[in-house]
Amino acid sequence: MSRILVTSCKGGVGKSTVSIGVATALAAMGKRTLLIDFDLGNRSLDLMLGMQDDLIYDICDLTGGRADCASVVHLHPNHLNLAFIGAPFRYEGDATEESFASALDKLEETLGFDFILVDTSGGAHESVAISAPACDTALIVSSQTPTAIRAAEKSGILLDEKKVDEQYLIINGFDTQKENLAKRTGIIEMIDRTRTPLLGIIPMDARLSLLSEQGKSVFDGGKSNCRTAFTNIAKRLCGEHVPLMKGFSGIKRDTFLFR
């Protein structure tokens with residue numbers, strides 16, 4: 001069993017895209033996976049998953065004792081082993097560390113998930129403070145921009161304070177264009193600045209946004225390097241040793257600047 005927090009102190013780095021990609025990859029591997037939208041400021045995963053019409057109860061109904069586990073959990077119609085709990089339309093400020101941890105305990109006990117992924121709000125939001133203590137692993141999502149890297153550094157500090165010891169960096173939207181390589185922050189520099197071990201790199205792919213707008217994930221869009229990247233990350237979370245760029249097509253190792 002693993003509880004995984006997906007976070008960043010900066011919005012717009014693709015946390016929700018990463019959450020969906022990793023969750024769908026784990027489900028495709030046969031792992032019973034629950035994805036929780038805990039963005040208490042602006043829920044979006046239901047739209048990105050194409051499940052906006054399915055939601056009746058949300059995660060705060062479970063933490064607040066207004067609904068049981070079976071009522072808040074919704075199975076994805078197209079992806080076997082993937083379940084989802086939405087965030088509230090309007091957060092009333094009633095969730096606590098204790099009630100959130102108790103909700104995850106109930107979900108594990110009654111429904112037996114192998115993985116629970118918690119997608120949080122952007123920024124140093126209350127959702128992170130509430131959910132982080134209940135998770136044993138954190139995925140810090142960052143792009144190559146200086147502001148995103150600084151936010152990833154801050155995320156690590158906040159997670160240290162919440163005693164989340166297992167922290168990993170995911171670089172999202174990595175620019176593989178040859179003419180831009182020397183202008184962007186390289187992998188080694190990002191690892192050094194965030195002081196966080198790298199779990200995976202998601203290459204830049206404009207199709208991800210288009211698929212999200214249609215309520216689909218990268219696993220609905222055919223074979224791609226992004227899909228391979230999410231699969232590799234899922235395998236690493238399951239304890240497999242997978243080389244960084246295994247299965248990538250048309251991208252040479254030298255493309256990724258290890259500087």
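The table for this structure:
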quantity: Test: residue in segment 97-114 that is assigned to a strand (DSSP E or B) and within 22 Å of residue 45 (Cα to Cα); calculated: no
quantity: Leading residue by the ranking (nearest to the chain's Cα centre (by Cα)) among those in segment 169-196 that are among the hydroxyl-bearing types (Ser, Thr, Tyr) and more than 24 Å from residue 207 (Cα to Cα); calculated: 196
quantity: Every pair of residues 6+ apart whose Cβ atoms lie under 7 Å, when the first sits in segment 99-117 and is within 17 Å of residue 71 (Cβ to Cβ) while the second is at pLDDT below 95; calculated: 108/1
quantity: Candidate set: segment 54-107, residues that are under 26 Å from residue 215 (Cα atoms) and among the polar types (S, T, N, Q); chosen: the one surrounded by the fewest Cβ atoms within 10 Å (Cβ to Cβ); calculated: 71
quantity: Every residue from segment 1-60 that is of a type in the set (Ser, Thr, Tyr), under 16 Å from the mean Cα position of the chain (by Cα) and assigned to a loop (DSSP other than H, G, I, E, B); calculated: 8, 44
quantity: Answer residue from segment 122-165, given it is among the acidic types (Asp, Glu) and out of contact with any helix residue (DSSP H, G or I) (no Cβ under 8 Å at 6 or more places or on another chain) and is nearest to residue 38 (Cα to Cα) among those; calculated: 126
quantity: Among the residues listed as 142, 121, the single one being in contact with a Leu (Cβ under 8 Å, 6 or more places away or on another chain), among the small types (Gly, Ala, Ser), at pLDDT below 95 and at negative phi; calculated: 121
quantity: Segment 201-228 residues that are within 22 Å of residue 186 (Cβ to Cβ), paired with ones that are in a helix (DSSP H, G or I) and at pLDDT below 85 (beta carbon under 7 Å, 6 or more apart); calculated: 226/208
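The values are calculated or read from the model by the stated rules, or taken from the named source; none is laboratory data. All values derive from a computational prediction rather than experimental measurement. Don't worry about glycine lacking a Cβ; one is built from the backbone with ideal geometry, like all the others, and counts go over all protein chains shown.
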